[in-house]
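The values are calculated or read from the model by the stated rules, or taken from the named source; none is laboratory data. Just so we're clear, the structure is a prediction, and the values are computed from it rather than from any experiment. Cβ atoms come from the backbone with ideal geometry, glycine included; neighbour counts cover every protein chain shown.
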Amino acid sequence: MRRRTLLYGAMAAPLLAACSGQSDDGKQSGGRTTLSYGVWDVAQVPGLQKVIDAFEKENPGISVRMELTPWSSYWTTLKTAMRGGTAPDVFWMNAVNLQLYASSGVLEPLSGHIKSDATPLDRHPESLAKIYAYQGTQYGIPKDFDTIGLWYNKALFDKAGIKYPDTTWTWDDVRDAAAELTNPRERVHGMAAEMDRQGQLYPAIHGAGGYVLKDGKSGFGDERSIEGLRYWTDMIDRGWSPPQSAMVESKARNRFWSEKAAMVYEISAFSGQYYAVPAIKDHAGVTVLPKGRERATIIHGLANVISAKSRKKAAAWEFVHFMAGRKAAEIQASAGVTISSYEGTQDAWFKSMPEFDLKRFVDMLEYAVPYPSSKNTAVWENLQYPLLGSAFSGKGGIESAARTLGEQMDRALKEERA
Amino acid sequence: MMSVFPSTAAAKKASRGSPSAAAAPKSRGQRAAYLFIAPLGIGFAVFYFWPLLQTFYYSFTEFGAFGGHTWIGTDNYVRVLKDVTVWQALGNTLIYCVIGLLALPLAIFVAALLNRRGLRGVSVYRALYFIPFVTLPVAVGLVWNWLYNGDYGLINEVLEWFGADRRYWVSDPSTAVYAIGTVMVWSTTGYYLIIFMAGIKGIPQDYYEAAELDGAGPLRRFFTITLPLLSPTIFFASIICMINSLQTFDLIYIMMAEKNPAIGDTQSVVSLFYKWAFVENAQGAAAALAFLLMLIIAALTLVQFRLQKRWVHYA
């Protein structure tokens with residue numbers, strides 16, 4: 001008999017532990033509600049902690065705990081956590097995933113809250129806020145935005161005796177400079193043409209006058225889009241950029257940081273990391289993207305959203321509301337995290353890294369193209385690297401690869417509408 | 001990555017060696033026996049059999065991204081069979097399987113060397129060979145990626161001394177699949193080595209002594225005594241090895257970055273399954289793919305069992 005109770009006890013123990021674990025999460029330890037905040041960028045953590053500290057000071061009843069998941073596993077982890085009911089209360093959302101999450105009903109609609117609390121959504125760029133609305137309902141509030149700029153190494157430019165890139169540069173100037181700057185003996189390349197959709201592929205496609213996605217159709221088969229892709233593969237074929245196979249092992253930005261690449265296209269959100277590299281901090285420059293057939297860059301920004309399954313929605317809203325305001329934006333900008341999307345707070349970000357001409361990232365706003373997305377963006381985006389890979393490795397054939405990609409992407413788009 | 005099963009030969013011996021248990025009175029003894037195997041049985045039912053049935057059911061459905069599913073009949077299977085990437089992944093998986101089997105002759109060779117009478121420090125060698133197998137695949141993948149690195153990797157460094165060109169081993173489509181296969185062999189040889197060493201230990205010394213008296217050299221002894229008498233162990237090991245190679249995933253996941261141009265040339269069926277199920281929200285099609293893989297494994301194992309009569313000798 002005793003043995004049996006012992007057995008039952010042993011069997012029940014894990015169940016009890018599981019229950020208490022859960023209720024502990026929901027309960028307010030010490031009269032405080034603890035919110036979990038899901039993020040993926042480790043570079044933003046120190047700055048965000050300052051924002052959180054300010055929020056906690058204003059709301060003594062709520063504390064926020066950041067949950068960092070690396071980008072490579074952020075979305076798979078989040079999806080699994082959503083199903084298992086352990087997703088963070090508030091988390092980062094991007095353009096790629098918004099439609100999928102909103103249409104599945106796992107995000108808390110925010111329109112009502114925004115209205116009743118007079119949240120300053122209208123102080124954020126409208127094109128950006130629109131990304132986070134689905135069928136007329138707002139699901140997320142932008143916290144920042146980023147564009148792509150051209151970084152260059154002044155020391156390498158001086159050595160080659162070339163004028164620094166400026167706002168008048170065109171693709172031809174870049175090509176000329178890349179040829180001059182390439183020095184095979186020292187393994188220095190003029191450009192690092194990494195196969196990255198946001199940093200390289202999309203800006204070049206739009207710069208050539210092509211498009212990625214328009215009216216539910218793929219633009220990869222378009223002649224001008226192909227011309228944009230060829231801008232990169234040409235540089236690889238001519239040896240001005242390492243092939244993609246090399247950049248798998250040392251990324252473009254790492255090559256730039258170790259002064260093995262003289263130029264690179266980079267997302268503004270990484271400026272802080274460039275600033276943190278002592279080797280290049282004093283002689284790295286940044287300017288607007290060079291002009292192809294047209295002027296273009298890609299704009300994207302992150303938003304804070306609330307999980308529909310959160311049991312602490314009131315507190316979660318308080319936090320998201322705070323994050324949407326001027327104060328949070330200013331702290332974020334002055335901590336050098338990234339460009340805050342709140343109107344007029346960008347100055348603090350520029351000043352946080354005075355050596356870099358960060359204003360150029362904002363100068364590009366007038367011709368910035370929103371990051372393309374559809375309901376199941378990940379499916380057609382996953383086709384890109386496997387199909388374009390060999391062309392970006394110097395094996396040629398970008399035209400047919402891009403056309404195949406266009407056809408397959410159209411099929412994927414058709415499937416998501418069905 | 002690997003599951004450790006007792007050798008089939010050993011299991012057979014065990015069941016043969018206990019006829020008295022079957023003859024014993026039923027009731028108490030039997031009930032106790034069932035009780036003892038119950039935890040394993042329940043575990044098997046909950047963690048293997050039930051998911052298997054579920055996967056089979058889900059392979060006929062379409063999934064919502066966050067739960068919920070609708071019946072769509074055999075559409076998923078049609079999609080799987082029509083998809084070019086599936087066939088490519090299947091081809092890669094077979095390459096992994098063939099490369100993975102190379103671990104067996106290697107392990108037999110080393111096991112035969114280590115079983116020489118009077119050899120000292122055998123346990124040190126055994127540990128050295130076994131360590132790669134118990135090292136986490138993540139660590140294995142990361143370290144080998146450094147070794148393979150095209151810019152500062154040790155392998156390229158060594159090759160350069162001999163005047164060879166630097167290569168990007170894991171991102172060049174022509175070498176990537178073999179680079180990963182090599183790591184697979186490196187990390188599994190130790191496991192089979194232990195099995196083969198035990199197998200060789202089980203061969204009576206008398207045979208060797210008799211052969212030596214008849215003037216058989218070491219090579220002759222190896223091919224006429226060791227190899228035939230080891231065949232049941234080889235049979236067991238080859239089945240385990242084949243199944244494990246067909247399920248290759250972790251090394252690919254760790255060693256192949258998303259932007260790797262060789263990704264299509266190295267993707268295995270299981271890594272494709274992962275991509276469909278967890279990245280692209282195609283759980284139904286992924287379930288169909290998993291089920292297809294199970295059928296392939298079952299078929300290949302059946303073929304191996306059929307061929308068994310031709311070369312396996314139970315002493």
Task: Where B:Thr70 falls short, out of the listed (1) under 30 Å from B:Ile203 (Cα atoms); (2) in contact with a Ser or Thr (Cβ under 7 Å, 6 or more places away or on another chain) - done: (1)
Open item on the list: Being within 14 Å of chain B (Cβ to nearest Cβ) and either surrounded by fewer than 16 Cβ atoms within 10 Å (Cβ to Cβ) or in a helix (DSSP H, G or I) (or both) narrows it down to one residue among A:Lys115, A:Lys79; which is it?
Closed with: A:Lys79
Task: the range A:287-324, subset hydroxyl-bearing (Ser, Thr, Tyr) and farther than 17 Å from A:Met66 by Cα, residue surrounded by the most Cβ atoms within 10 Å (Cβ to Cβ) - done: A:Thr297
Open item on the list: Taking the condition of being more than 11 Å from chain B (Cβ to nearest Cβ) and free of Cβ contacts under 8 Å to residues at least 40 places away in the same chain, how many residues in the range A:82-91 meet it?
Closed with: 1
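Could you say which residue among B:Leu230, B:Leu246, B:Leu251 is more than 14 Å from chain A (Cβ to nearest Cβ), buried (at least 20 other Cβ atoms within 10 Å of the Cβ), under 18 Å from A:Glu249 (Cα atoms) and not basic (Lys, Arg)? Talk me through it step by step, then tell me what you get.
Details: B:Leu230 fails: under 18 Å from A:Glu249 (Cα atoms); B:Leu246 fails: under 18 Å from A:Glu249 (Cα atoms).
Of the residues listed, the single one that is more than 14 Å from chain A (Cβ to nearest Cβ), buried (at least 20 other Cβ atoms within 10 Å of the Cβ), under 18 Å from A:Glu249 (Cα atoms) and not basic (Lys, Arg) is B:Leu251.
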Open item on the list: Looking at the range B:273-294, can you tell me whether even one residue there is under 30 Å from B:Val138 (Cα atoms), surrounded by fewer than 16 Cβ atoms within 10 Å (Cβ to Cβ) and either free of Cβ contacts under 8 Å to residues at least 12 places away in the same chain or not hydroxyl-bearing (Ser, Thr, Tyr) (or both)?
Closed with: yes
- [ ] Say whether the condition of being more than 19 Å from A:Ala308 (Cβ to Cβ), out of contact with any helix residue (DSSP H, G or I) (no Cβ under 7 Å at 6 or more places or on another chain) and touching a residue at least 12 places away in the same chain (Cβ under 8 Å) is met by at least one residue in the range A:103-120.
- [x] yes
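Return yes when A:Leu365 is within 24 Å of the chain's Cα centre (by Cα), crowded, with 21+ Cβ neighbours inside 10 Å and either within 14 Å of another protein chain (Cβ to nearest Cβ) or within 27 Å of A:Ser268 (Cβ to Cβ) (or both) and no when it is not. Spell out the reasoning first.
On the way: within 24 Å of the chain's Cα centre (by Cα): yes; crowded, with 21+ Cβ neighbours inside 10 Å: no; either within 14 Å of another protein chain (Cβ to nearest Cβ) or within 27 Å of A:Ser268 (Cβ to Cβ) (or both): yes.
Criteria not met by A:Leu365.
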Open item on the list: For A:Val286, only one of the following conditions fails: (1) within 19 Å of A:Leu156 (Cα to Cα); (2) of a type in the set (Val, Ile, Thr); (3) within 14 Å of chain B (Cβ to nearest Cβ). What is its number?
Closed with: (3)
Open item on the list: Going residue by residue through the range B:204-226, is there one that turns out to be modelled with pLDDT of 90 or more, more than 14 Å from chain A (Cβ to nearest Cβ) and crowded, with 20+ Cβ neighbours inside 10 Å?
Closed with: yes
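When you scan the range B:121-240 for helices (runs of 4 or more DSSP H) that lie fully inside it, which ones turn up with 3 or more residues that are under 20 Å from B:Ala262 (Cβ atoms)?
Working: elements: B:122-134, B:137-148, B:154-161, B:176-201, B:205-213, B:218-221.
Correct list: B:137-148, B:154-161, B:176-201.
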Open item on the list: Checking A:Asp357 against (1) under 22 Å from A:Ile131 (Cα atoms); (2) among the acidic types (Asp, Glu); (3) more than 10 Å from chain B (Cβ to nearest Cβ): exactly one of these is not met. Which one?
Closed with: (1)
- [ ] Report yes if B:Trp144 is more than 10 Å from chain A (Cβ to nearest Cβ) and within 28 Å of the chain's Cα centre (by Cα), otherwise no.
- [x] yes
Task: Condition check for A:Glu415: within 13 Å of another protein chain (Cβ to nearest Cβ) and closer than 23 Å to A:Thr297 by Cα - done: no
- [ ] Confirm whether B:Tyr96 is modelled with pLDDT of 95 or more and assigned to a helix (DSSP H, G or I).
- [x] yes
Open item on the list: Suppose we filter the range A:37-92 for residues that are of a type in the set (Lys, Arg) and touching a helix residue (DSSP H, G or I) at 6+ places or on another chain (Cβ under 6 Å); how many remain?
Closed with: 1
- [ ] Working carefully through the options A:Ala155, A:Ala208, A:Ala192, find the one that is within 14 Å of chain B (Cβ to nearest Cβ) and either out of contact with any helix residue (DSSP H, G or I) (no Cβ under 6 Å at 6 or more places or on another chain) or under 29 Å from A:Pro370 (Cα atoms) (or both).
- [x] A:Ala192
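Per-residue answers, yes or no, for (1) touching a residue at least 40 places away in the same chain (Cβ under 8 Å); (2) within 14 Å of another protein chain (Cβ to nearest Cβ):
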position: A:Val42; (1), (2): no, no
position: A:Gly47; (1), (2): yes, no
position: A:Glu56; (1), (2): no, no
position: A:Ser73; (1), (2): no, yes
TODO: Please find, within the range A:92-107, the residue that is surrounded by the fewest Cβ atoms within 10 Å (Cβ to Cβ) out of those that are within 14 Å of another protein chain (Cβ to nearest Cβ) and not aliphatic (A, V, I, L, M).
DONE: A:Gly105
Task: Total residues in the range A:236-251, condition in a helix (DSSP H, G or I) and in contact with a Phe, Trp or Tyr (Cβ under 8 Å, 6 or more places away or on another chain) - done: 6
Task: Cβ-Cβ under 8 Å pairs, at least 6 apart or on other chains, the range A:265-277 side at negative phi, far side part of a helix (DSSP H, G or I) and among the basic types (Lys, Arg) - done: A:Glu266/A:Arg253; A:Phe270/A:Arg253; A:Gln273/A:Arg253; A:Tyr274/A:Arg253; A:Tyr274/A:Lys281; A:Tyr275/A:Lys281
TODO: Please specify each residue of the range B:138-164 satisfying the condition of being in contact (Cβ under 8 Å) with a residue 24 or more places away in the chain and surrounded by fewer than 18 Cβ atoms within 10 Å (Cβ to Cβ).
DONE: B:Val138, B:Leu142
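May I ask you to verify whether A:Arg197 is touching a residue at least 60 places away in the same chain (Cβ under 8 Å), basic (Lys, Arg), within 14 Å of another protein chain (Cβ to nearest Cβ) and under 26 Å from A:Val42 (Cβ atoms)? Before the answer, list the steps.
On the way: touching a residue at least 60 places away in the same chain (Cβ under 8 Å): yes; basic (Lys, Arg): yes; within 14 Å of another protein chain (Cβ to nearest Cβ): yes; under 26 Å from A:Val42 (Cβ atoms): yes.
Yes.
Please indicate, with yes or no, whether at least one residue in the range A:192-204 is of a type outside the set (Asp, Glu) and either part of a strand (DSSP E or B) or out of contact with any Phe, Trp or Tyr (no Cβ under 9 Å at 6 or more places or on another chain) (or both).
If we filter the range A:192-204 for residues that are of a type outside the set (Asp, Glu), which is where we start, we get A:192-193, A:195, A:197-204.
If we keep only those that are either part of a strand (DSSP E or B) or out of contact with any Phe, Trp or Tyr (no Cβ under 9 Å at 6 or more places or on another chain) (or both) as well, we get none.
For the range A:192-204, residues of a type outside the set (Asp, Glu) and either part of a strand (DSSP E or B) or out of contact with any Phe, Trp or Tyr (no Cβ under 9 Å at 6 or more places or on another chain) (or both): absent.
Return the residue satisfying two criteria in turn: it lies in the range A:138-156 and is part of a strand (DSSP E or B), of a type outside the set (Phe, Trp, Tyr) and under 26 Å from A:Val174 (Cα atoms), and of such residues it is farthest from the chain's Cα centre (by Cα). So that I can check it myself, show each step before the final result.
The first filter runs over the range A:138-156 and keeps only residues part of a strand (DSSP E or B), leaving A:138, A:141-142, A:144-146, A:148-153.
Then keep just the ones that are of a type outside the set (Phe, Trp, Tyr); that gives A:138, A:141-142, A:144, A:146, A:148-150, A:153.
Now drop any that are not under 26 Å from A:Val174 (Cα atoms), which leaves A:146, A:148-150, A:153.
On the way: A:Asp146: 8, A:Ile148: 11, A:Gly149: 14, A:Leu150: 17, A:Asn153: 24 Å.
This residue is A:Asn153.
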- [ ] Would you check which residues across the range B:256-313 are away from every other protein chain (no Cβ under 14 Å), among the β-branched types (Val, Ile, Thr) and part of a helix (DSSP H, G or I) and list them?
- [x] B:Val269, B:Val270, B:Ile296, B:Ile297, B:Thr301, B:Val303
Open item on the list: Restricting to the range A:215-232, give me the number of residues that are within 14 Å of chain B (Cβ to nearest Cβ) and either more than 11 Å from A:Gln200 (Cβ to Cβ) or free of Cβ contacts under 8 Å to residues at least 60 places away in the same chain (or both).
Closed with: 0
